[in-house]
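Report on the structure given below.
The values are calculated or read from the model by the stated rules, or taken from the named source; none is laboratory data. None of the values given here were measured: they were computed from a predicted structure. As a convention, Cβ positions derive from the backbone with ideal geometry for all residues, glycine included, and neighbour counts pool all protein chains shown.
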């Protein structure tokens, strides 16, 4: 009887040890979205961002601007339809959708009228063909940083995890911004040559940034990559289901910022 008890105890210990060993397998790379801090042995489950070059377009707009509700709106919707890897971010100059981060971005961009488009921080002419050509050119550039992202929203809090992997030189000053955009905002819009539309639907509207900064936070990088996590409080006037993050990597060049890549 005693021998059987000892054997059972030894078997139980062995099973527990085996179970514990299995639980300790996982991704051991702290720069991966799939990183498991409890893992002791890497099981090949670590994620690596896909190297895809994206294009970022800022648009100055306002509800009081007739051309913003005319060709300005058409340009935005056409870009979204034509380029899956292009993101338009609308910076509003009216009280209803104005933000401190949006104002800071507009201050950093070259001065221009309303509406106006920018490729990253580069001034663009108000011509759809030229804007489209610029987007095409940017999409064809080499990928300097590949990025991946995970997002979960619980109540009015959005949790965002961004993984970045440098594919070339890691020299320079990099900044990571996580912009929160909202679609489906209904607000009266002036439209050139037509009555104002009280049910105009505004999309790609900038609502904030995770660090409350125009170009985000400075990050320390290395050749192995970078993982950052943000908890973002959504404002009371925002519809959580219509909000989504766009993580943008910037590289500072003196007093200006060059667009590198984004993920959403």
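So the values come out like this:
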item	result
Considering residues of segment 24-52 that are closer than 18 Å to residue 164 by Cα and not in a loop (DSSP other than H, G, I, E, B) only, the residue farthest from the chain's Cα centre (by Cα)	27
Complete set of residues in segment 147-177 that are surrounded by 19 or more Cβ atoms within 10 Å (Cβ to Cβ), within 14 Å of the chain's Cα centre (by Cα) and over 13 Å from residue 227 (Cβ atoms)	158, 175, 177
All positions within segment 197-214 that are exposed (fewer than 14 other Cβ atoms within 10 Å of the Cβ) and free of Cβ contacts under 8 Å to residues at least 60 places away in the same chain	198, 199, 201
Test: residue in segment 221-232 that is closer than 23 Å to residue 83 by Cβ and either modelled with pLDDT of 95 or more or not in a strand (DSSP E or B) (or both)	no
Count of residues meeting criterion [over 12 Å from residue 97 (Cβ atoms) and not in a loop (DSSP other than H, G, I, E, B)] in segment 186-217	9
Residue list for segment 143-181, restricted to those being part of a strand (DSSP E or B), in contact with a strand residue (DSSP E or B) (Cβ under 7 Å, 6 or more places away or on another chain) and over 23 Å from residue 102 (Cα atoms)	145, 146, 147, 148, 150, 152, 163, 164, 165, 166
Contacts under 6 angstrom Cβ, first residue in segment 28-42 being within 13 Å of residue 150 (Cα to Cα), partner part of a loop (DSSP other than H, G, I, E, B), 6 or more apart	32/46; 32/47; 33/47; 34/45; 34/46; 34/47; 35/29
Scope segment 184-204; condition in contact with a helix residue (DSSP H, G or I) (Cβ under 9 Å, 6 or more places away or on another chain) and closer than 26 Å to residue 104 by Cα; matching residues	184, 185, 189, 190, 200, 202, 203, 204
Residues of segment 228-257 that turn out to be out of contact with any strand residue (DSSP E or B) (no Cβ under 9 Å at 6 or more places or on another chain) and touching a residue at least 60 places away in the same chain (Cβ under 8 Å), as a count	2
Condition met for residue 227 (surrounded by 13 or more Cβ atoms within 10 Å (Cβ to Cβ), over 13 Å from residue 121 (Cα atoms) and touching a helix residue (DSSP H, G or I) at 6+ places or on another chain (Cβ under 6 Å))	no
